[in-house]
Amino acid sequence: HERYKIDIVRRFKPGGRLLEIGPSWGGFLHLAKQAKFEAEAIEMDPACCDFIRNVVGVPALQSKDPMQAIRGMGPFDVVALWHVIEHIPEVWDALAVVAGQLNPGGILVVAAPNPCSLQFKIQGRRWPHVDAPRHVLLAPASLLADRLRSMELVRVWGTTDDPGSRGWNTFGWEYFFMNLSPRMGMKQLLRWLGVGMSFLLAPLERREGKGSTYTMVFRKEQSI
């Protein structure tokens with residue numbers, strides 16, 4: 001179910017040295033390795049690191065401060081942040097560090113919750129992607145693009161309607177309704193109500209800019 005991610009990356013970089021920050025159990029890293037990338041990881045969970053090293057077969061650095069850990073590791077041709085930036089308190093400083101570890105012409109891939117989504121406008125503070133205090137920032141795609149442009153990273157592609165966002169659309173409606181009741185039996189009934197709502201609103205949520213998450217690709221400008 002993560003194959004769409006490596007397909008996105010290969011549209012802009014067919015190979016090279018790739019770093020994923022916050023890979024969890026390493027599904028994307030497995031696909032990157034299959035696609036002949038020189039894949040590496042920074043992950044805070046020691047069990048995930050062991051799995052990535054011993055099962056996925058990809059080097060993994062365990063660190064609770066990935067932005068400090070990345071210093072001096074580069075340069076990379078690809079850095080991937082799949083639903084990571086919303087967890088980083090000093091996100092702009094962190095992204096500046098990431099930008100500094102990219103080769104000229106290298107790409108940064110970012111996926112994150114979309115605060116301009118249809119779901120957020122309807123659900124407000126009950127939107128599951130608010131998820132405080134785990135999520136400390138919900139950055140609009142336009143703001144992210146503007147800030148990264150100042151770091152010499154130019155947006156080359158973006159969407160709110162990739163397979164990942166469609167899955168998060170369903171997730172958002174399921175958990176919005178499930179969270180309305182503390183009773184487990186009622187939660188399961190409400191979950192199916194969420195699935196139905198997701199089906200009904202799918203044509204609206206698949207309009208560009210309305211999906212519950214976005215994915216964007218940025219390219220580091222070549223030095224003159």
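The values are calculated or read from the model by the stated rules, or taken from the named source; none is laboratory data. In this text, all values refer to a predicted model and were calculated from it rather than measured experimentally. With ideal geometry, Cβ positions are generated from the backbone for all residues, glycine too; neighbour counts draw on all protein chains shown. To get the accessible areas, we keep the full protein, side chains included, count just its heavy atoms, and leave off ligands, DNA and RNA. Shrake-Rupley method; radii C 1.70, N 1.55, O 1.52, S 1.80 Å.
Quick notes on this structure:
- Charged-residue dipole, Cβ positions (Lys, Arg, Asp, Glu), the chain about Cα centre, Debye nearest 20: 560
- The range 15-120, accessible surface, carbon-and-sulfur percent (1.4 angstrom probe): 54
- For Glu221 and Arg183, the FRET efficiency from 1/(1 + (r/R0)^6), where r spans their Cβ atoms and R0 equals 41 Å, is about 0.15.
- Loop-located GluC sites (Glu not before Pro) in the range 160-224 (DSSP state not H, G, I, E or B) with no more than 15 neighbouring Cβ atoms inside 10 Å: Glu208, Glu221.
- Whole-number accessible area per residue in Å² for the range 107-192, which is evaluated in the context of all protein chains at 1.4 Å: 52
- A DSSP coil position with no more than 13 other Cβ atoms inside 10 Å describes the following trypsin sites (Lys or Arg not before Pro) in the range 12-62: Lys36.
- Relative contact order for the range 70-163, counting Cα pairs under 8 Å that sit 6 or more residues apart, in percent: 32
- Listed residue (Ala41, Gly194, Leu29) projecting farthest to the positive dipole end of the chain, Cβ model: Gly194
- Those trypsin sites (Lys or Arg not before Pro) in the range 126-224 that DSSP places in a loop and that have at most 12 other beta carbons within 10 Å: Arg134, Arg183, Arg207
- Given charges at Cβ of Lys, Arg, Asp, Glu: the range 70-210 dipole, positive-most of Ala94, Gly72, Ser165: Ser165
- Cα-centred dipole magnitude for the range 124-174, charges only on beta-carbon of K, R (+1) and D, E (-1), debye, nearest 20: 160
- Accessible-area composition of the range 133-224, carbon plus sulfur, in percent [1.4 Å probe]: 61
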